[in-house]
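Single-structure report; data block below.
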Amino acid sequence: MRELSISMNQSEFEKLVEQGIEQIPLEFRQKLDNVAIFVSPYPSMEQQRKINLRAGWTLFGLYEGVPLTKRGSGYAMAMPDRITVFQGPIQNATQGDPERMREIVKNTVWHEIAHHFGMNEDEVREAEKKRGVGY
């Protein structure tokens, strides 16, 4: 694979996100329902306020929507859930190390998709420990 630089453009970064999605087991990818995945340079002020992001904290990704476990029979005609992967914080954290960047992107995609499936933050972190994920 070719080297990635800290100044990676959004298109190159989006390819990393696509690779992360492809690494999700097929049985889970097939169950993704009404969810869109985006790349953004950084979280917006609204996103930061929504989750009470404190100064000095880093946010690699964010799930916004109604988890599958909370959708009832009245769930219809809803806008897609939104998963956003934040390029700037990931590039800053990896300092241009291409393998570390791939790993963090993959883990971020998994993390946010787990929220889509209804796992809360503690459950996601526990699952990450079992998978050997360490940021």
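What fraction of the Cα pairs in the stretch 56-135, stated in percent, has a spacing above 18 angstrom? Walk me through the numbers on the way to the answer.
Values: 1476 of 3160 pairs.
Summing the P(r) of the stretch 56-135 above 18 Å gives 47 percent of all pairs.
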### Summary
Expressed in angstrom and rounded, the centroid-to-centroid distance over alpha carbons for the stretch 106-133 and the stretch 31-102 is 13
## Note on the structure
Looks like the stretch 10-86, by Cα gyration tensor root eigenvalues a ≥ b ≥ c and the a/c under 1.5 rounded cutoff (else prolate when a/b is bigger than b/c, oblate otherwise), is oblate
### Query
Taking only Cα atoms, what is the 0 to 90° angle, nearest 10, from helix 121-131's long axis to the longest principal axis of the chain?
60
### Summary
Taking 56-66, 26-36 and ranking on average Cβ neighbours within 10 Å, highest first, one gets 56-66, 26-36
### Query
Kirkwood-based Rg over Rh for the chain (C-alpha set), two decimals?
0.96
### Query
Between Ala55 and Ala76, what is the label-to-label distance in nm when each label sits 7 Å out along the Cα-to-Cβ direction?
4.9
### Summary
With 0.36 nm assigned to each residue of separation and the Cα-Cα distance removed, Arg125 to Gln48 gains 25.7 nm
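The numbers here are math on the coordinates, done by the rules we state, and not lab data. Everything numeric in this text was worked out from a predicted model, so none of it was measured. Cβ: placed from backbone, ideal geometry, glycine included. Neighbour counts: every protein chain shown.
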